[in-house]
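Accompanying notes for the structure given below.
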Amino acid sequence: MTVEGRKTAWRPRGITIPGGLRRVGLAVLGVGVLVGVWSLVAAGAQSVRVPSPLRVLETIRANFLALEALAFAAFGSGGLAQNTVYTVSNTLIGVAIGATFGVVVGVLVGRIQFLRDVLEKPLLFLVTVPVLVLLPFLSMWFGVSRLAINGMVIFYAFVTVAFGTQQATINVSNYFQDYARSLGATQTQILGAVITPALVPEVIGFIRGSLAFGWGLQTVAEILGGQVGVGRIIRTFLHTARTADMIGAVIVLGIVALLIDAFVASVGKWITRWQE
Amino acid sequence: MKIPDIHIPEPTVARPQPIWWRRIRRNTFLSLLVLIAAWPVLSVVIGTSPTGYKYIPGPQDIFGAFKSVAGFWPGGLGAPSTQTGAEATYWGAILGLVYNSFVTSLRAVGGLLLGIGGSITLALLISWSKVARETLSFPAHFARMVPVLGMIPLFALWFGASELGTLVFVSFVLGSFVFVVAMNGIGNVPAYYDQYARSLGASRIRSYLSVVFPAALPRIRGGIVLAVTWSWTSVLAAEFLGKDSGLGHILSFSRFYGATNLTALIGLVVVILASSSYYIANRVLSWLTRWSE
């Protein structure tokens with residue numbers, strides 16, 4: 001065997017599947033395994049406790065545009081689609097508001113020593129606060145308004161993004177600022193052309209994290225007192241013991257959340273295409 | 001000739017400041033003082049709600065609400081339950097606060113251990129095989145995006161008001177998140193770590209447990225710390241909706257009656273417990289990963 005021969009890795013001969021196709025195939029297989037296990041569990045349990053996947057699909061189709069239970073039990077209107085749009089738009093608005101303020105505050109706290117002295121510790125403290133503690137206050141301050149329901153999402157997104165951005169700004173400043181300054185860059189140039197682009201990958205990560213938890217917070221707020229939304233639907237189904245409908249509502253919101261996360265991740269990838 | 005006295009001053013050595021003072025910057029201390037001073041002023045200025053409670057309860061309101069916690073003590077140890085007609089006492093309030101804090105903490109810690117332990121074990125087992133990891137990564141990602149907190153009514157339906165239901169719910173909320181973080185952490189360990197260990201004669205399982213998993217721990221650490229904070233949120237959600245004890249139950253009660261002073265008192269206790277657990281978890285994980293940069 002030659003030296004070159006030793007360097008060549010051994011590969012089995014056979015069909016080679018392209019990486020992308022393989023990943024999709026395995027993801028489909030994963031969903032199949034999950035549905036299979038679910039079907040098995042459902043077959044051995046009462047339908048009211050664990051309904052079958054088919055039954056859940058049926059309820060999604062039936063509830064999609066109109067929901068009789070909502071009109072009858074809770075004097076509401078609309079179907080699963082309309083209420084999902086409400087929950088999704090509220091969550092997105094909440095995360096957008098919280099993240100915008102979070103980025104601004106995070107950059108300022110990371111860059112200005114006085115603000116860092118004053119706000120760094122309170123920010124760290126806010127990160128540890130369980131968000132649900134705020135809900136009673138939000139209800140008392142804002143009644144049943146949209147802000148009362150959305151307040152937890154705004155707060156959570158703000159705190160998460162502000163804290164993360166602040167840490168990232170400090171790290172980025174340490175590494176890149178000196179290089180840029182040694183090349184003659186001004187403070188404005190450093191902020192605009194060095195620090196801001198370097199922050200984007202981390203900020204997108206924090207926004208995705210806020211979104212992932214935001215869906216749950218929004219739904220809980222709606223369960224506890226919302227007039228519209230997926231949480232309100234879940235509450236109505238709970239009162240009428242319609243398990244399949246409840247699971248259907250959660251799955252629809254989960255699919256929309258997954259699609260939005262994929263969209264945000266793609267946009268982030270496109271913005272940070274300069275990365276290695 | 002008289003030699004003039006020359007006064008040589010003794011060298012002055014700056015008195016070292018204590019470490020805790022050096023850690024706290026002056027501005028941080030001032031901001032805290034301003035916050036403490038502004039709180040009672042804001043409380044008075046913002047006013048009172050139609051239910052008679054202040055929108056922002058001041059320190060005296062929070063202290064005043066303390067006695068009402070006696071209503072959440074089931075009775076015993078010299079303080080009978082107020083539900084039997086007994087009067088609320090400070091001793092009863094202390095017992096009520098300790099009892100409900102203990103119940104909530106127990107649920108949080110139990111769910112946390114079950115959720116983190118279960119999800120990391122599962123992630124370790126699945127990550128053993130690359131095919132299994134890739135097969136389950138999509139369903140795991142989906143589980144992370146599903147509004148798990150909103151699934152609490154489902155758990156109430158499956159488990160009723162039992163403690164098992166609360167434990168399973170908390171561990172499910174935390175586990176679905178930590179599982180994805182652990183899978184990513186293990187998947188992102190550079191392959192040459194394993195290759196070096198194997199080339200030195202380590203078996204596959206030994207390399208996996210002694211090299212790959214410890215190398216993944218710093219990457220999983222952030223997820224675990226976040227899970228600690230979320231354990232309190234998920235326990236409160238469970239107690240809010242279907243328990244008759246715990247701090248979440250008191251919060252739900254105070255929300256129903258618009259009692260901001262009781263809400264603030266319980267909120268303060270929850271925040272102290274959550275911050276302490278965050279601090280402890282951070283210290284323990286720092287110690288466990290002290291070898292990393």
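The values are calculated or read from the model by the stated rules, or taken from the named source; none is laboratory data. Because the structure is a prediction, the values reported are computed rather than measured. Here the Cβ positions follow ideal geometry from the backbone for every residue, glycine too, while neighbour counts run over all protein chains shown.
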>> Tell me whether segment A:202-215 contains one or more residues that are more than 14 Å from chain B (Cβ to nearest Cβ), loosely packed, with under 15 Cβ neighbours inside 10 Å and out of contact with any Leu (no Cβ under 9 Å at 6 or more places or on another chain).
In response: no
>> Need the failing condition index for residue A:186 against (1) crowded, with 22+ Cβ neighbours inside 10 Å; (2) more than 11 Å from chain B (Cβ to nearest Cβ); (3) of a type in the set (Ser, Thr, Tyr), just the number.
In response: (1)
> Which of the following residues is surrounded by 14 or more Cβ atoms within 10 Å (Cβ to Cβ), at pLDDT 90 or above and not aromatic (Phe, Trp, Tyr): A:61, A:55?
Replying inline: A:55
>> Being more than 7 Å from chain B (Cβ to nearest Cβ) and of a type in the set (S, T, N, Q) is the filter here; which residues of segment A:216-240 pass it?
In response: A:218, A:227, A:236, A:240
> Mind checking which residues of segment A:27-50 are surrounded by 15 or more Cβ atoms within 10 Å (Cβ to Cβ) and either on the phi > 0 side of the Ramachandran plot or in contact with a Lys or Arg (Cβ under 9 Å, 6 or more places away or on another chain) (or both)?
Replying inline: A:42
> When residues of segment A:117-140 are filtered for being farther than 30 Å from residue B:27 by Cβ and of a type in the set (A, V, I, L, M, F, W, C), how many remain?
Replying inline: 4
> What tally of residues in segment A:242-275 results from selecting those that are exposed (fewer than 12 other Cβ atoms within 10 Å of the Cβ) and in a loop (DSSP other than H, G, I, E, B)?
Replying inline: 3
> Name the helices (runs of 4 or more DSSP H) wholly within segment B:204-293 that hold at least 1 residues that are surrounded by 15 or more Cβ atoms within 10 Å (Cβ to Cβ), more than 8 Å from chain A (Cβ to nearest Cβ) and basic (Lys, Arg)?
Replying inline: B:213-242
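Could you look through segment A:128-147, keep only residues that are more than 11 Å from every other protein chain (Cβ to nearest Cβ) and hydrophobic (A, V, I, L, M, F, W, C), and pick out the one that is surrounded by the fewest Cβ atoms within 10 Å (Cβ to Cβ)?
A:144
Results for (1) of a type in the set (Ser, Thr, Tyr); (2) within 26 Å of residue A:239 (Cβ to Cβ); (3) surrounded by fewer than 24 Cβ atoms within 10 Å (Cβ to Cβ); (4) out of contact with any Lys or Arg (no Cβ under 9 Å at 6 or more places or on another chain), shown as yes or no for each residue.
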| site | (1), (2), (3), (4) |
| --- | --- |
| B:109 | no, no, yes, yes |
| B:117 | no, no, yes, yes |
| B:128 | no, no, yes, no |
| B:149 | no, yes, no, yes |
| B:152 | no, yes, no, yes |
| B:155 | no, yes, yes, yes |
> So which helices (runs of 4 or more DSSP H) stay within segment B:1-95 end to end and still have 1 or more residues that are of a type in the set (A, V, I, L, M) and modelled with pLDDT of 75 or more?
Replying inline: B:26-46, B:59-65
> Do you know which of the residues in segment A:125-181 that are among the charged types (D, E, K, R) and more than 30 Å from residue B:252 (Cβ to Cβ) is modelled with the highest pLDDT?
Replying inline: A:181
> Is at least one residue of segment A:96-119 away from chain B (no Cβ under 14 Å), out of contact with any His (no Cβ under 6 Å at 6 or more places or on another chain), buried (at least 19 other Cβ atoms within 10 Å of the Cβ) and closer than 15 Å to residue A:230 by Cβ?
Replying inline: no
> How many residues does segment B:143-168 hold that are among the β-branched types (Val, Ile, Thr) and more than 13 Å from every other protein chain (Cβ to nearest Cβ)?
Replying inline: 2
> Within segment B:227-252, how many residues are out of contact with any Gly (no Cβ under 8 Å at 6 or more places or on another chain) and free of Cβ contacts under 8 Å to residues at least 60 places away in the same chain?
Replying inline: 3
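Among the residues of segment B:224-242, write down those that are over 10 Å from the mean Cα position of the chain (by Cα) and within 15 Å of residue B:114 (Cα to Cα). Write out each step before concluding.
Step one: of segment B:224-242, the residues over 10 Å from the mean Cα position of the chain (by Cα) are B:224, B:234-242.
Scanning segment B:224-242 gives B:224, B:234, B:235.
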